[in-house]
Amino acid sequence: FAALRGLSFDLAKGEMLAVTGPSGCGKSTLLNIVGLLDSPNSGRYFLRGKDVSSLDDYQRTLLRRTDIGFIFQSFHLLPHFSTLDNVALPMLYAGTPSSEMKHRASELLGLVGLGGQEKKTPLQLSGGERQRVAVARALANKPKLLLADEPTGNLDSATSAEVIALLKKVCAESGSAMLIVTHDPEVARKADRNIKIRDGQVVA
């Protein structure tokens with residue numbers, strides 16, 4: 001079964017691109033390939049000018065750690081860790097010195113509007129605040145590419161609008177490219193560009 005067929009597009013620095021389409025159209029497969037979780041069995045994928053289509057697991061892991069940040073619908077925060085420690089975790093895996101790690105984590109929490117909340121745990125935060133922590137965590141290692149899988153799926157409409165505004169600000173200020181998979185037409189409208197997929201192909 002070919003999940004994606006002849007799909008081709010570019011994603012520019014600082015651009016927010018939304019990918020929409022019905023369930024089963026290939027959005028998750030696309031996200032997994034772009035996020036270097038899966039490898040395509042044909043075609044080519046260039047990340048920052050380098051063909052990464054045929055890298056092995058270890059090489060893909062290294063690139064994910066340094067070049068890609070993930071934002072999930074269900075946040076995936078460690079519930080008993082503080083917000084500071086949740087944001088710092090990717091830097092720990094990257095070998096960042098402890099003092100620098102905590103300083104950057106605190107700065108990122110300030111960037112997403114959660115300055116002063118470093119000691120709180122996710123259990124003490126609202127859904128919108130948890131997603132802000134997840135955004136800060138995704139930025140920890142200064143990724144060039146951000147991937148968001150239904151980032152507003154668990155949020156009410158007002159909080160969803162706030163999170164999308166934050167993501168657009170992050171793209172503009174950091175220069176990171178962002179690919180958002182979403183079912184929400186309002187989210188897609190706020191992106192710089194929207195690709196619609198059906199049966200593994202771009203239809204609009």
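Annotation: of all residues in segment 65-83 being within 19 Å of the chain's Cα centre (by Cα) and open to solvent by less than 60 Å² (accessible area, probe 1.4 Å), the one that is farthest from VAL135 (Cα to Cα) is ASP67.
Mind telling me which of the residues ILE164, ILE180 ends up being open to solvent by less than 10 Å² (accessible area, probe 1.4 Å) and touching a helix residue (DSSP H, G or I) at 6+ places or on another chain (Cβ under 6 Å)?
Residue meeting the stated conditions: ILE164.
Take the conditions among the basic types (Lys, Arg), over 18 Å from HIS183 (Cβ atoms) and touching a Gly at 6+ places or on another chain (Cβ under 6 Å) and apply them to LYS13. Does it pass? Yes.
Taking residues in segment 169-195 that are within 13 Å of GLY69 (Cα to Cα) and among the β-branched types (Val, Ile, Thr), and partners anywhere that are open to solvent by 10 Å² or more (accessible area, probe 1.4 Å) and assigned to a helix (DSSP H, G or I), not one pair has Cβ atoms closer than 7 Å while being at least 6 places apart or on different chains. Tell me, please, whether a residue that is closer than 25 Å to LEU37 by Cβ, in contact with a Pro (Cβ under 8 Å, 6 or more places away or on another chain) and modelled with pLDDT under 95 can be found in segment 116-128. No: zero hits.
Run down ALA134, ALA105 and say which single residue is more than 11 Å from SER82 (Cβ to Cβ) and out of contact with any Lys or Arg (no Cβ under 8 Å at 6 or more places or on another chain).
None of the others qualify; the one that does is ALA134.
The values are calculated or read from the model by the stated rules, or taken from the named source; none is laboratory data. All of these numbers come straight from a predicted model, not from anything done at the bench. Heads up, the Cβs are rebuilt from the backbone with ideal geometry, glycines too, and the neighbour counts pull from every protein chain shown. We work out accessible area using only protein heavy atoms, side chains counted, and drop any ligands, DNA or RNA first. Shrake-Rupley method; radii C 1.70, N 1.55, O 1.52, S 1.80 Å.
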